[in-house]
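Below you'll find the structure, written out as structure tokens, and then a few comments.
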Amino acid sequence: MTRIVNIRPGDPRDPAATTLLQASHDLMCALFPDESNHFLSIDALTGEDTCFFIAELDAKPAGCAALLLKDGYGELKSMFVDPGARGAKIGAKLLDRIENEARTRNLPTLRLETGDELKAAQRLYLSHGFKLRAPFGDYNDDPRSLYMEKPL
């Protein structure tokens, strides 16, 4: 059976998106101390400087990601795939959509912060051409964080 993945713009305040974001926040809080959690609140994801996307698997919300528009680069935020939907390449498709949006907005670079425990996410980012880098923006050096970027 072919599973259909659709990536579309979304609203973080939509109940399905909020459920995904809360699951992501809960996971981050379980894995990392407060000072190593850099996720944005649901309200922060609704700003004009943020492009938020929902991934649907067979028409059901299964993942999300956001592009935060910064001065001179874009930052990937709130990338999450529901554990029950993993294996359907949703993360790769969300990442492709974020990269396309960044290119459309003429951003030269895409950056991200991810946790040292998130091995599957690290493999995804590396397989999409991201390279490790030093902390950027408002981030401080944190031994629990990895910082990555990809020129577009």
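Spin-label model, CYS29 to THR109: label points 7 Å out along the Cα-to-beta-carbon direction sit 3.3 nm apart. Rounded to the nearest 500, the 222 nm mean residue ellipticity of the chain from helices alone is -8500 deg cm²/dmol, with -39,500 (n - 2.57) taken per DSSP H run of at least 4 residues. Ranked by how many other Cβ atoms sit within 10 Å of their own Cβ, fewest first, the residues MET148, MET28 fall in the order MET28, MET148. Taking a point 7 Å from the Cα of ASP138 along the Cα-to-Cβ direction, the residues of region 18-56 with backbone N closer than 13 Å to it are 38-41, 44-45.
Per residue, the convex hull spanned by the Cα atoms of the chain measures out at 109 cubic angstrom.
Summarised as an ellipsoid, region 5-75 has semi-axes of 20, 18, 10 Å, derived from the eigenvalues of the Cα gyration tensor scaled by 5 and square-rooted, with the largest first. The slack in the chain from ARG86 to GLN22, taken as 0.36 nm per residue of separation less the alpha-carbon distance, amounts to 21.3 nm. Summarising the label geometry, the points placed 7 Å from Cα in the beta-carbon direction at LYS70 and ILE4 lie 3.7 nm from one another.
Summarising the strand pairing of region 5-151, around 90 percent of its internal DSSP beta bridges are antiparallel. Taking a straight line from the alpha carbon of LYS150, these aspartates and glutamates sit under 13 Å away, with near neighbours fewer than eight places off in the same chain left out: GLU75, ASP96, GLU99, GLU113.
None of the figures in this text is laboratory data; all of them are computed from the coordinates on show. Only a predicted model underlies this, so the values are computations on that prediction, with no experimental measurement involved. Every residue, glycine as well, gets a Cβ built from its backbone with ideal geometry; the counts of neighbours run over all protein chains shown.
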